[in-house]
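First the structure, in the form of structure tokens, and then the observations on it.
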Amino acid sequence: ALPLLGEERDRYVVKLPDGNPGRLLKRDAAPGVDEDGWTAVGRGSVEDIVKDAQSLKTVAYTWGGTSSLTGFDCSGLVQAVFRVHGFKLPRDAHQQAGEGKPVSLKDVRKGDLLFFADPARKKKPVTHVGLALERDLYLEAGSYWPVSLDRENPQYSEARAKTFVGARRVL
């Protein structure tokens, strides 16, 4: 859901999370306004959310980023793809880690959020978030290739496996 700024011939002009204007084809939108004034494209499915996140995987990683124009950080990407589909999540990974219900790693499924900690930042137990593509693969901002926490998977990341702190199901 994005605030509507105006209309052009075949597009809506919307306000992106970073404040910049963006354009959305009218045929791809189902306008409606939520209580915060955001224009929603409708309630998306887990498939829609994951598909949109995957389409943004090559957008540059930018710390604090919330836009496909200027780059995303991990939680900015998660927040944006969920928000476009009508689901509100807080901005930061440590805040997102309080949403939904906990899920064990073996029960993770597409659309779940995986959370990680930076051992050097003891006061913040969660510093990173990824979006599950399937049980053992997840997507993170700025990474073209999915990452796995399964040692048997060729895309296994030992660094991420060591810092994994939990998963949550928000849908």
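The values are calculated or read from the model by the stated rules, or taken from the named source; none is laboratory data. In this text the structure is predicted, and so the values were computed from the model without any measurement. Cβ atoms come from the backbone with ideal geometry, glycine included; neighbour counts cover every protein chain shown. Note: areas computed on protein heavy atoms with side chains; ligands, DNA, RNA excluded. Shrake-Rupley method; radii C 1.70, N 1.55, O 1.52, S 1.80 Å.
Quick notes on this one:
- Residue check, LEU69 under 10 Å from the mean Cα position of the chain (by Cα) and not in a helix (DSSP H, G or I): no
- Top-ranked residue in region 79-104 [being surrounded by fewer than 16 Cβ atoms within 10 Å (Cβ to Cβ) and not in a loop (DSSP other than H, G, I, E, B); ranked as nearest to the chain's Cα centre (by Cα)]: GLN95
- Residues considered: LEU113, LEU105. Of these, the only one that is within 23 Å of TYR61 (Cβ to Cβ) and touching a residue at least 12 places away in the same chain (Cβ under 8 Å) is LEU113.
- The residues in region 5-29 that are closer than 20 Å to PHE72 by Cβ and among the small types (Gly, Ala, Ser) can be counted, and the count is 2.
- Members of region 116-169 found to be among the polar types (S, T, N, Q) and either over 19 Å from VAL78 (Cα atoms) or open to solvent by less than 30 Å² (accessible area, probe 1.4 Å) (or both), listed by number: SER143, SER148, ASN153, GLN155, SER157, THR163
- Cβ-Cβ contacts under 8 Å between residues 6 or more apart (or on different chains), taken from a first residue in region 73-91 that is of a type in the set (Ser, Thr, Tyr) to a second residue that is open to solvent by less than 10 Å² (accessible area, probe 1.4 Å) and assigned to a helix (DSSP H, G or I), are listed as SER75/ALA93; SER75/GLN96.
- Odd one out for LEU24 among (1) open to solvent by 60 Å² or more (accessible area, probe 1.4 Å); (2) in a strand (DSSP E or B); (3) at pLDDT below 85: (1)
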